[in-house]
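The values are calculated or read from the model by the stated rules, or taken from the named source; none is laboratory data. As the structure is a computational prediction, the values presented were derived from the model and not from experiment. Cβ placement follows ideal geometry from the backbone for every residue including glycine, while neighbour counts extend to all protein chains displayed. Side chains included, ligands, DNA and RNA excluded: accessible areas come from the protein's heavy atoms. Shrake-Rupley method; radii C 1.70, N 1.55, O 1.52, S 1.80 Å.
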Amino acid sequence: MKTASAILPYFVFQNKPVREYFPALHQQVYGQSLVYFDNAATTQKPQSVIDAIATYYATINSNVHRGVHYLSQQATEAGEETRKRVAAFIHARHAHEIIFTRGTTESINLVAYSYSKLALKAGDNIVISAMEHHSNIVPWQIACEDHGAELRVIPMDENGELLLHTLDNLLDARTRLVAITWISNALGTVNPIQAIIQKAHALGIPVLIDAAQAAPHIPIDVQAIDCDFLAFSGHKMFGPTGIGILYGKEEWLDRMPPYQGGGEMIKSVSFEKTTYNDLPFKFEAGTPHIEGIICLKAAIDFLEALPLTEAHIYEQQLLQYATEQLQQIPDLRIIGQAKKKSGVISFIIEDTHPYDVGVLLDKMGIAVRTGHHCTQPIMDFFGIPGTVRVSLAVYNTVAEIDRLVQSLDRVVSMLK
Ligand code: PMP
């Protein structure tokens with residue numbers, strides 16, 4: 001068992017606790033210091049990101065691409081700087097393989113619409129997994145419905161691990177895409193995406209990776225894993241809300257039709273014929289989320305300045321400690337016991353409703369998420385209405401986990 005004293009009390013970054021960089025963590029709710037365990041939903045923002053947003057509006061606020069004037073050029077340059085930064089962050093071959101979207105959800109919808117228009121025909125199939133977020137299920141259901149295709153699902157076991165041997169039967173000559181989450185937001189399972197990509201590629205099938213939960217925790221190298229598409233959200237990795245990334249291999253993005261029509265995504269427009277713009281602008285219709293794009297760079301700067309290996313080890317220690325401590329609580333059952341997990345612990349306590357547990361914890365200053373976490377099929381699989389979910393970030397501490405466990409003891413005595 002990992003004793004609390006074997007783990008650093010908090011993660012240190014540039015000579016001070018990393019949580020010092022996050023102003024929102026230092027507040028009281030209901031008269032108690034906040035414990036924020038809802039990081040899989042969204043992370044708090046470091047001061048540098050908050051400052052970058054204010055600086056943008058105080059200095060170079062302007063619409064991009066269309067202006068000849070100084071501010072517009074500055075804003076355009078800053079936005080394109082972020083694109084290069086994102087490309088380097090995930091090791092994309094080209095900056096134009098990075099498309100700015102509103103988030104993971106829009107990135108997946110873009111591919112589901114546009115790739116399906118290119119490649120999906122009646123009788124084809126798309127393969128997803130049993131542990132997908134709704135945003136990696138519903139867009140494919142819509143695409144399959146639109147094109148007369150079939151949606152197939154890789155099953156999982158009671159531990160929350162995918163049954164990969166089933167891929168041999170699920171993938172066939174009519175499979176047009178595999179869309180799979182790297183890390184499950186509800187179970188914390190880290191999926192063996194490399195093995196899945198290799199299996200799919202052996203049959204010439206492209207793969208989309210939902211990296212919403214991976215981007216804040218795992219180094220991403222899209223060329224090394226050789227995925228065809230990868231989607232993630234800025235707000236889950238210390239960045240602003242409303243900005244997301246779609247990475248796509250040039251060979252696919254070039255061939256795919258636009259997702260939305262409007263300004264910026266065209267070269268020329270007449271009533272007879274419109275010519276589309278080059279990558280990446282073909283997929284970026286309208287005024288983008290300029291401030292979000294520019295300030296995403298500050299989030300990546302922060303994330304990359306963190307010693308990632310140490311941060312990962314620290315998060316894994318917190319996860320192990322929290323798991324062991326929570327298991328001491330009578331009648332508490334952890335949902336999702338995969339061998340390889342990221343910092344997510346979903347649980348239920350017998351004879352209590354997750355919502356009641358969440359509400360009482362909130363009144364004790366502890367922010368957790370309750371419900372189905374946009375993964376209803378997972379809840380159906382386990383035959384439960386929802387879970388209480390504790391999701392960790394590098395700024396969480398052992399003391400916070402201890403407070404959670406003590407508070408849960410009180411919650412249980414109040415509810416039972
Ligand atoms: N996929 C996963 C695994 C997620 O955790 C989330 C967010 N909970 C999403 C997709 C959707 O992300 P967003 O709401 O930022 O578009």
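Values as computed for the structure displayed
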read-out: Qualifying positions in the stretch 347-359 - in a helix (DSSP H, G or I) and surrounded by fewer than 17 Cβ atoms within 10 Å (Cβ to Cβ); value: Tyr355, Asp356, Val359
read-out: Count of the stretch 299-322 residues which are open to solvent by 20 Å² or more (accessible area, probe 1.4 Å) and more than 20 Å from Thr189 (Cβ to Cβ); value: 7
read-out: Leading residue by the ranking (nearest to the ligand (Cβ to nearest atom)) among those in the stretch 169-188 that are part of a strand (DSSP E or B) and of a type in the set (S, T, N, Q); value: Thr181
read-out: Condition met for Met379 (assigned by TED's automatic domain parsing to the domain that holds Glu20, touching a Phe, Trp or Tyr at 6+ places or on another chain (Cβ under 8 Å) and open to solvent by less than 50 Å² (accessible area, probe 1.4 Å)); value: no
read-out: Selection count where residues are among the β-branched types (Val, Ile, Thr) and buried (at least 17 other Cβ atoms within 10 Å of the Cβ), scope the stretch 22-41; value: 1
read-out: Residue count, the stretch 108-148 (criterion: more than 16 Å from the ligand (Cβ to nearest atom) and under 22 Å from Leu164 (Cα atoms)); value: 4
read-out: His96 being crowded, with 17+ Cβ neighbours inside 10 Å, more than 16 Å from the ligand (Cβ to nearest atom) and closer than 22 Å to Glu250 by Cα; value: yes
read-out: So Ile290, is it under 21 Å from the mean Cα position of the chain (by Cα), in the same structural domain as Val111 (by TED's automatic domain parsing) and within 16 Å of the ligand (Cβ to nearest atom); value: no
read-out: Test for Thr105: is it open to solvent by 50 Å² or more (accessible area, probe 1.4 Å), closer than 25 Å to Lys236 by Cβ, within 16 Å of the ligand (Cβ to nearest atom) and at pLDDT 95 or above; value: yes
read-out: Candidate set from the stretch 45-91 (those that are of a type in the set (D, E, K, R) and at pLDDT 95 or above); member that is least open to solvent (accessible area, probe 1.4 Å); value: Arg83
read-out: Residue among Val49, Val12, Val35 that is free of Cβ contacts under 8 Å to residues at least 40 places away in the same chain and either of a type in the set (A, V, I, L, M, F, W, C) or in the same structural domain as Phe238 (by TED's automatic domain parsing) (or both); value: Val12
read-out: Filter pass, Thr166 being touching a residue at least 12 places away in the same chain (Cβ under 8 Å) and within 16 Å of the ligand (Cβ to nearest atom); value: no
read-out: Qualifying residues in the stretch 139-161 (those that are assigned to a helix (DSSP H, G or I) and either open to solvent by less than 70 Å² (accessible area, probe 1.4 Å) or without any contact (Cβ under 8 Å) to a residue 24 or more places away in the chain (or both)) - the one nearest to Gly103 (Cα to Cα); value: Pro139
read-out: All positions within the stretch 360-416 that are under 25 Å from the mean Cα position of the chain (by Cα), more than 14 Å from Phe37 (Cβ to Cβ) and either of a type in the set (Val, Ile, Thr) or not in a loop (DSSP other than H, G, I, E, B) (or both); value: Gly371, Thr375, Gln376, Pro377, Ile378, Met379, Asp380, Phe381, Phe382, Ile384
